[in-house]
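Undergrad: Input: one structure, supplied below.
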Amino acid sequence: MANSNQSTLATFQIIEAMASIGESARITELARMLDMPRARVYRYLQTLVSIGYAQQDPETERYKLTLKLFHLGQAVAESTELTALARPQMARLRTETECTVTFSLLEAQGMRVAEIVRVDSPVQIVTRPGSLLSFHASAQGKLALAFGDPENWDQVRAAKLQAFTDRTITDLATLEAQVAEVAKQGWATAPEETLRGVNALSAPIFDARARLVATLTIAASVQDISEPPSQKQIKAVVTAARRISENLGYTRGDVI
């Protein structure tokens, strides 16, 4: 049973790694990224190919995920009440701010992007549905640290904070101070902390029991979302997140 569980975990790690790359990948690239033996990665990739979740280009020998996973994810998203409730507010927020809007769900390992409503922009937001955002280097993640389960901090403190750019916060004390400020103001940003040239402004979404369950975020170039953001942008994002929270039965007004 233990070996079976390890195989399942490794398979999903490979799927998530391929999704984060966003294009076809070589076995050696995945093996290096996951610190996994090349032969093991090859074996799991062959399994994914055999059941239709991945395919290999015979000329380049690179592997990529198929749309089978996309359709599976869409089916799950369609059945999720949270995502359905968020969509009208996401569309309205995109029109109001002229920014790409993302809706993310809280997970034990970070914030999972569940839905994206994009705008045409010279700066492309490469985040995709299914992407897992870290707690320490994303606006969404900082909200999870500020308003979520205290256990979220255990993961952050358990390992060295990864630097995605030269602006990623890698000092724990600095992160703690910023999260404390996020808890006071009710929104978070992450200017160029995950991607160079991109800033994000995020607000929390709570359920009827006042638990953080999701986040609503606008993302754009640092020219379009400055640091700090404009009061108009902050009001738009916070108001849209509050509407979703209220639709979930949230009634307290002291957090958002």
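Undergrad: P(r) for the range 2-66, please, calculated from all Cα pair distances in 5 Å bins and given in %.
TA: P(r) over the range 2-66, rounded to whole percents: 4, 19, 33, 30, 11, 3, 1, 0.
Undergrad: Using amide H atoms built in the peptide plane, which far-off residues or other-chain residues are under 5 Å from Thr100 H to H?
TA: When sequence neighbours closer than 5 places are left aside, the close amide H contacts are Val119, Ala219.
Undergrad: If each DSSP helix of 4+ residues adds -39,500 (n - 2.57) and the sum is divided by the residues in the chain, what number results at 222 nm, nearest 500 deg cm²/dmol? Please report the intermediate quantities before stating the final value.
TA: Values: 9 runs with 117 residues, N = 256.
The helix-only estimate for the chain comes to -14500 deg cm²/dmol at 222 nm.
Undergrad: So, one more: Could you work out the local net charge near Arg128, counting Lys and Arg as +1, Asp and Glu as -1, over the other residues with Cβ closer than 14 Å to its Cβ? Show your work: numbers first, answer last.
TA: Values: positive: Lys64, Arg112, Arg118; negative: Glu16, Glu23, Glu115.
Counting the neighbours of Arg128, the net charge comes to 0.
Undergrad: Give me the distance between the Cα centres of the range 13-28 and the range 203-256, rounded to whole Å.
TA: Measuring centre to centre over Cα atoms gives 32 Å.
Undergrad: I've got another one for you. Would you grab the residues whose amide H sits under 5 Å from the one on Thr66? Only those 5+ places off in sequence or on another chain, please, with H modelled 1.01 Å from N.
TA: So Thr66 has HN proximity to Ala54, Gln55.
Undergrad: Compute a Gaussian network model of the chain, connecting alpha carbons closer than 10 Å, and tell me which residue from Ser226, Ser50, Ser20 fluctuates the most.
TA: Ser50
Undergrad: Run the dipole for the chain about the Cα centre, Lys and Arg Cβ at +1, Asp and Glu Cβ at -1, nothing else charged, and hand back the magnitude in debye, nearest 20. Please report the intermediate quantities before stating the final value.
TA: Numbers: 27 positive and 28 negative charges, 58 e Å.
With only Lys, Arg, Asp and Glu charged at Cβ, the dipole is about 280 debye.
Undergrad: I've got another one for you. Would you please report the Å³ per residue occupied by the convex hull of the alpha carbon atoms in the chain? Kindly include the intermediate steps, with their values, before the conclusion.
TA: Numbers: hull volume 38.0 nm³, N = 256.
Roughly 148 Å³ of hull volume per residue.
Undergrad: What's the local net charge at Glu193, with K and R +1, D and E -1, over the other residues with C-beta under 12 Å away?
TA: Numbers: positive: Lys142, Arg167, Arg196; negative: Asp166, Glu192, Glu227.
Overall, the nearby charge balance is 0.
Undergrad: Taking H placed 1.01 Å from N in the peptide plane, check which residues at least 5 places from Ser131 or on another chain put their amide H under 5 Å from its amide H.
TA: Val113
Undergrad: List the lysines whose alpha-carbon lies under 29 Å from that of Lys160, not counting same-chain residues fewer than 8 positions away?
TA: List returned: Lys142, Lys184.
Read-outs throughout are calculated quantities, based only on the coordinates presented, and are distinct from any laboratory measurement. Bear in mind that the values here come from a model prediction, so they are computed numbers and not experimental data. In this analysis, Cβ positions are derived from the backbone assuming ideal geometry, glycine residues included, and neighbour counts consider all displayed protein chains.
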